[in-house]
Structure formats: C-alpha cells, structure tokens
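The structure appears below as structure tokens.
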Amino acid sequence: MCGIVGYVGPQRAQDVVVEGLRRLEYRGYDSAGIALVDGERLWTAKRAGKLANLREALTETPLPESGTGIGHTRWATHGPANDVNAHPHTDGKGIVAVVHNGIIDNAAALRAELADAGVDLASDTDTEVLAHLVAASGAATLEEKVAEVLARIEGTYGVAFLHADFPDRMVVARNGSPLIIGVGDKEMHVASDLAALVRYTTTVAHLDD
C-alpha cells in the first residue's frame, strides 16, 4: 500500500494521474501503475520499480485518450514487487480496475472462494479479489456493486474503482486508510495525500470511513 490518485473530468486523465503519482514519490514505493477507461474498455499499464519505468512503458505503448483514470504507487505487502502484483488490479475480463491502500484481513478466504468458483487469480495480492467480486456483482450501479462487495471486506482500505460499463465515473471508499476528494472545475479528483491534489484544486474534503 502507498499512494492513490484518481481523476474524472475533461483533462487527459493519464497526465493528471501520472503527475499526481510523481508528487507522491516522496512516500516511497516499489511499483507504479495506471488504469484508464475510454468508453469501450479498460486499459492498464504497470511496472515494478520507479515511476520512470511506468513513464517509459506509456511512451512505448501509449494508452488511448481518456478523461477517467486511477493510479497507484505500491509498497509490497502481499507478494513480491513485480509487474503482476503492481496496482491497479483487474478482473479476468478486464471490466473492473481497482487501486487499494490497506490490508484485507479475510483475503485468503475470499481468494479460496473465487478459486473454487473457477476464477483464475493472476497476482499474489489481497487487492485482486476486489476487482473479481465487483465484476461478479449483479447490482445495477457501480456504487451499489462496490458497496455490496465492501460489506464483505474485513480490514482496512482506501479504494478507487473503475468499470468499463460506467466510463464517466470513479467510485471511492475508505475504512481506516485516508482518502481526500478534490473538487475542480467540472472535474473530480481523489488522492491518498493532499500533495497529489494541490496543483489542481484547493477545494477538498477528507472522506470519512
């Protein structure tokens, strides 16, 4: 767990998110990644090591233009620092992406449940279960899907979700791990640290559990 940045609005989300991650580098981290949704599907890029590695990957393989994105810098807690374990995590079909700070205490039980249902888990992380569970939810809205899943989670979290079927929004929540909402001009930001927001807005709200 370490740094979360998210954006929804008219700007190029990739630029806003990567700049936010750059401003969180002082916290330390061992990998970095980003996910965007462009109205058709999710796109992700993530790399072990410094943010420069992610920037290089984005230069070599550019992601589509999008106004909705999330990003993360990670300190490894579940599984080693590598490209697969870096955030964001997605479900098997690439419908849902999530970034997460905190520890899911019942992750082992949830991983076992998903495995028994035939779900192939790609990473060693506790976070990946969130993407699979939200993708499997039959609730009507992304907000309802996320709330349904978080009701099953034991532990601490600051989370931000994207869903390919809801390209105009990001859903965030926290329990014991800080998240700050930033309000801009026809745009919304989220970050785990004020440093990622100050370039874009000084109108913020500290999200309660």
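The values are calculated or read from the model by the stated rules, or taken from the named source; none is laboratory data. What you see is a predicted model, and the numbers here were worked out from it, not measured in a lab. We place every Cβ from the backbone using ideal geometry, glycine too, and count neighbours over all the protein chains shown. Just the protein is used for accessible areas: all its heavy atoms, side chains included, with ligands, DNA and RNA removed. Shrake-Rupley method; radii C 1.70, N 1.55, O 1.52, S 1.80 Å.
Tell me the per residue accessible area of the chain using a 1.4 Å probe; a whole number in Å² is fine.
43
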Most positive-pole-ward Cα, A48, H163, A108, against dipole of segment 43-172 from beta carbon charges: A48
Per-residue [θ]222 nm for the chain (sum of -39500 (n - 2.57) over DSSP H runs n ≥ 4, rounded to 500): -7000 deg cm²/dmol
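Considering only the other residues whose Cβ falls under 13 Å of the Cβ of Y157, what net charge follows from Lys and Arg at +1 and Asp and Glu at -1? The partial results should precede the final answer.
Working: positive: R152, R174; negative: D105, D126, E154, D209.
Within the 13 Å Cβ shell, the charges total -2.
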Carbon plus sulfur fraction of accessible area for the chain, probe 1.4 Å, in percent: 50
Calculated Rg and Dmax of segment 113-209 using C-alpha coordinates, Å: 14.9, 47
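Of all the C-alpha pairs in the chain, what % are more than 21 Å from each other? Please report the intermediate quantities before stating the final value.
Numbers: 10051 of 21736 pairs.
Looking at the chain, the distances longer than 21 Å represent 46 percent of pairs.
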Radius 15 Å from Cβ of D120, net charge of other residues (Lys, Arg +1; Asp, Glu -1): -3
Relative packing of 47-57, 155-165, which averages over residues the other C-beta atoms within 10 Å, highest first: 155-165, 47-57
Accessible surface, 1.4 Å probe, highest first, among residues K93, K46: K93, K46
Partner lysines for K46 [C-alpha distance under 26 Å; skip if fewer than 8 residues away on the same chain]: K93, K145
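Please work out how much length the chain gains when fully extended from L58 to N175, using 0.36 nm per residue of separation minus the C-alpha to C-alpha distance, in nm with one decimal.
Working: separation 117, 0.36 × 117 = 42.12 nm, distance 3.18 nm.
That pair, L58 and N175, stretches by 38.9 nm at full extension.
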Test item: Cα-centred dipole of segment 115-209, Lys/Arg +1 and Asp/Glu -1 on Cβ, debye: 360
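Multiply the residue gap between R152 and N106 by 0.36 nm, knock off their C-alpha separation, and tell me the result in nm, one decimal place. Intermediate values should be presented prior to the final figure.
Details: separation 46, 0.36 × 46 = 16.56 nm, distance 0.88 nm.
Once the chain is fully extended between R152 and N106, it gains 15.7 nm.
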Formal net charge of residues neighbouring T68 (Cβ-Cβ distance under 14 Å; K, R +1; D, E -1): -3
